[in-house]
Amino acid sequence: MKKFPAATAAAFAVTAVPSLLQFALPSLETALRRDPARIADGEWWRLGTSLLVQGGGPVGAAFNLVSLLVLGVIAERALGPVRWIACYLAGAAAGQAAGTWLGLVDAGNSIGVCGLAGGLAVAVALGRADRFAGSVAAFYALLLVGGIFTGSVTVIVATAVIGAAGTQLIAHRNRLPLPVFPAIVVATGLVLAVLANLHGPALLGGAAMAGVVAGVLGAAPRSAR
């Protein structure tokens, strides 16, 4: 019997409540979001609270929350709760550092989810996660590429194309070499980082943390595989 994904459930509950409440209280997002100028003035707590609200409107909030739930459950089963938390926080830390350095005023938990995708990439490379987990992580990473486009029509078209390709990636995962999945995640992270998109460092941060934790703690427990 698979263990209940406690880390995912806890993170989802803590994130979902303020993320939904912000639509009734718009000032909540402004008060909690990442604001480099205010962080420089001492409001360092925004680095944490900005993960609890969403800056992309209803669509962005829904995407981030569903991603956390789906990818979170898959990652927790592959990594275990301790590694899950480590990768989530590593992705969040790398993303917040990049966002602050780039001067981006925004909010959202997607950088934490990126950390999970990066962690799954390493788990797949080490043989501790299956093809399905790897294909979902790769699909999520590819969807982030849609964020580099501008203009509503362009974004919709790009997301539709990437979504269709990602769906095929999952559907035909058994026909692809296993290294393809972690390669897609890492390559996407590098491309996004070069393009000054904070999701790139977040993906790479999660992958780096998974590698470090694997070296320190060894193989994931059997219950997490």
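Structure notes:
- Candidates Val105, Val82: the one that is out of contact with any Leu (no Cβ under 9 Å at 6 or more places or on another chain) and surrounded by fewer than 24 Cβ atoms within 10 Å (Cβ to Cβ) is Val105.
- Selection count where residues are of a type in the set (Lys, Arg) and on the phi > 0 side of the Ramachandran plot, scope the stretch 36-71: 0
- Residue match in the stretch 145-155 (condition: part of a helix (DSSP H, G or I), in contact (Cβ under 8 Å) with a residue 60 or more places away in the chain and either closer than 24 Å to Ala207 by Cα or not acidic (Asp, Glu) (or both)): no
- The set of residues from the stretch 26-52 being in a loop (DSSP other than H, G, I, E, B) and either at pLDDT 95 or above or buried (at least 17 other Cβ atoms within 10 Å of the Cβ) (or both) comprises Arg33, Asp35, Asp41, Gly42, Glu43, Trp44, Trp45, Ser50, Leu51, Leu52.
- For the residues Gly60, Gly55, the requirement of being at pLDDT below 95, farther than 27 Å from Ala214 by Cα and in contact with a Gly (Cβ under 6 Å, 6 or more places away or on another chain) singles out Gly55.
- Just one of the listed residues (Ala165, Ala137) is assigned to a helix (DSSP H, G or I), out of contact with any Cys (no Cβ under 9 Å at 6 or more places or on another chain) and either modelled with pLDDT of 95 or more or within 16 Å of Val70 (Cβ to Cβ) (or both), and it is Ala137.
- The stretch 31-55: number of residues that are under 22 Å from the mean Cα position of the chain (by Cα) and more than 17 Å from Ala98 (Cβ to Cβ): 6
- Applying a threshold of 9 Å to beta carbon distances and a minimum spacing of six or more residues, or different chains, the list of pairs starting in the stretch 54-77 at a residue that is under 19 Å from Arg33 (Cβ atoms) and aliphatic (A, V, I, L, M) and ending at one that is part of a helix (DSSP H, G or I) and open to solvent by 30 Å² or more (accessible area, probe 1.4 Å) reads Ala61/Leu20; Leu65/Phe12; Leu65/Leu20; Leu68/Phe12.
- Qualifying residue in the stretch 144-156 (condition: of a type in the set (A, V, I, L, M, F, W, C) and either modelled with pLDDT of 95 or more or more than 27 Å from Phe23 (Cα to Cα) (or both)): no
- Conditions (1) at pLDDT 90 or above; (2) surrounded by fewer than 18 Cβ atoms within 10 Å (Cβ to Cβ): number failed by Asn197: (2)
- Checking each residue in the stretch 113-141 for being surrounded by fewer than 19 Cβ atoms within 10 Å (Cβ to Cβ) and among the aliphatic types (A, V, I, L, M) picks out only Leu126.
The values are calculated or read from the model by the stated rules, or taken from the named source; none is laboratory data. None of these values were measured; they are calculated from a predicted model. Here Cβ is always computed from backbone atoms with ideal geometry, including for glycine, and neighbour counts include all displayed protein chains. For accessibility, only protein heavy atoms count, side chains too; no ligands or nucleic acids. Shrake-Rupley method; radii C 1.70, N 1.55, O 1.52, S 1.80 Å.
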